[in-house]
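Structure record follows, encoded as C-alpha cells.
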Amino acid sequence: MNRLPLSRREWLAESCALLSLSVLSIPRMASDGALEDVVANPRGGYRFLPGVPFLSLGAVAADGFEVVRTTLRRPRPLSAGLQEIERQLEKAGRPIQALCGLELRSPRVPTPQEFGAMNAAYVERFDRMGLLIDGKSPVARTNVAFPVPELSIHGYSYTVRSAAGGGAPPTFILSAVPEVRNLRSAAAGAERPDFVASGDTTAAGTFTLDGLRKKTDFVLTALEESMRALGVQWSDATGVQFYTLEDAHPLIGSLILPRIGAAARLGVQWHHAHPPGTINIVEMDARGIRVETML
C-alpha cells in the first residue's frame, strides 16, 4: 500500500473528507447521570450510540436479547453478503433490523470521492432494507483496507433472544475508532482537523514509536467513552481488534494490555490492515459476545 507523499492541498482535502465521513458524536450525560444519546432500536432488540448517517458508534443488547457474531471464512461481496445476512437472520427467526454490526474490507485505501460514494450507496441500501432510524444507521461498522477483490463483508453481528440469566454480562459491539481529537467541530468546518501526534515523525516521514503510542492511547480512551455511554466496560469485552500497518509490537504489552484490564486475558487480535484514510493509521474496535460462529 505504498503511496507517494501527499501535497499539503491533497492532505487537507483528504483530511476534511475523512472527517466529514467519520465524525464521532461524544456522548452527553444528563445531570442525573442518564445517557442522553443512546437510542432504542425496539425492532432490533438493542440500543445504539448514534454516530453519522452510515454508522453508529456501538450497540448493546436490550433486555432479553444478546448480540451474537459471525465471521466469514471467505469474505462476501457487500451486496451478496447483505442478502446472505438477510437469509441467515430469517433462519434464526430474526428481522433484518436485528443487524447491529458489520466488519468490512476494502481492496485498497479509497480516495475521498470513492469513500463518499461508497457510503452514499451503503446508506441508500440500508434505507431500502428498512434499517435506518431517523435517517441514520444504528449498525456499528469497521471498514479497513485489506487485499480482497472488492468491498466485502468480513463479519457481522446481530441480536437473538437470550436464554442467559439476569446476572450475565451485557453483550455489545463497537465501531472502530480513528485517532482524531476534534472530529465533530472539524467536520462542521469550525476547526481544522486535529490528528493526534501528527508531527511525531522521523526525517523519513514515518511515525515515531512515541507518536504511535499517543495515537493508540487516544483510540483506547475513545473506546472507553463509547463503552461508558453504553453501560459496559473492558471487563465485559471478549474481543479487541487492532488495525494498523505500523509496528505495534512494543505497544501490546506496555500500553494496550494494561489498559484493557480483564479483557487482556483473552488477548488482542492484530489485523495488518490500513484504516480507510491515508492520514489516520490506527483504529481499534471491541466487542463483548458470548456466542461466535464461523461460516
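The values are calculated or read from the model by the stated rules, or taken from the named source; none is laboratory data. Since this is a predicted model, take the numbers as computed values, not measurements. When we count neighbours, we look across all protein chains shown, and the Cβ atoms used for this are built from the backbone with ideal geometry, even at glycine.
Here LEU104 qualifies as at pLDDT 95 or above, surrounded by 21 or more Cβ atoms within 10 Å (Cβ to Cβ) and farther than 21 Å from ARG47 by Cα. Condition test on GLY64, is it in contact (Cβ under 8 Å) with a residue 12 or more places away in the chain and touching a strand residue (DSSP E or B) at 6+ places or on another chain (Cβ under 6 Å)? Here the answer is no, as GLY64 does not meet what is asked. It is to be established whether one or more residues within segment 233-248 are under 23 Å from ALA145 (Cβ atoms) and in a helix (DSSP H, G or I). Scanning segment 233-248, I find no residue that is under 23 Å from ALA145 (Cβ atoms) and in a helix (DSSP H, G or I), so the answer is no. Looking at the structure I just gave you, is PHE115 more than 24 Å from PHE172 (Cα to Cα) and under 16 Å from the mean Cα position of the chain (by Cα)? Considered against the rule, which asks whether it is more than 24 Å from PHE172 (Cα to Cα) and under 16 Å from the mean Cα position of the chain (by Cα), PHE115 comes out as yes. Take segment 70-101 and flag every residue that is buried (at least 20 other Cβ atoms within 10 Å of the Cβ), part of a strand (DSSP E or B) and free of Cβ contacts under 8 Å to residues at least 60 places away in the same chain. Hit for segment 70-101 is LEU99, nothing else. None of GLY231, GLY166, GLY211, GLY205 is exposed (fewer than 15 other Cβ atoms within 10 Å of the Cβ) and more than 30 Å from VAL68 (Cβ to Cβ) except GLY205.
Taking segment 107-131 as the search range and keeping residues that are over 17 Å from TYR156 (Cα atoms) and of a type in the set (A, V, I, L, M), which one is modelled with the highest pLDDT? Of everything passing the filter in segment 107-131, ALA121 is modelled with the highest pLDDT. Candidates ALA92, ALA62, ALA80: the one that is among the aliphatic types (A, V, I, L, M) and either at pLDDT below 95 or over 22 Å from ARG290 (Cα atoms) (or both) is ALA80.
Residues in segment 234-251 that are of a type in the set (D, E, K, R) and either surrounded by fewer than 15 Cβ atoms within 10 Å (Cβ to Cβ) or over 16 Å from ALA273 (Cα atoms) (or both): 2 in all. Taking the stated definitions as given, is ILE279 closer than 20 Å to SER198 by Cβ, of a type in the set (Val, Ile, Thr) and in contact with a helix residue (DSSP H, G or I) (Cβ under 8 Å, 6 or more places away or on another chain)? It is true that ILE279 is closer than 20 Å to SER198 by Cβ, of a type in the set (Val, Ile, Thr) and in contact with a helix residue (DSSP H, G or I) (Cβ under 8 Å, 6 or more places away or on another chain).
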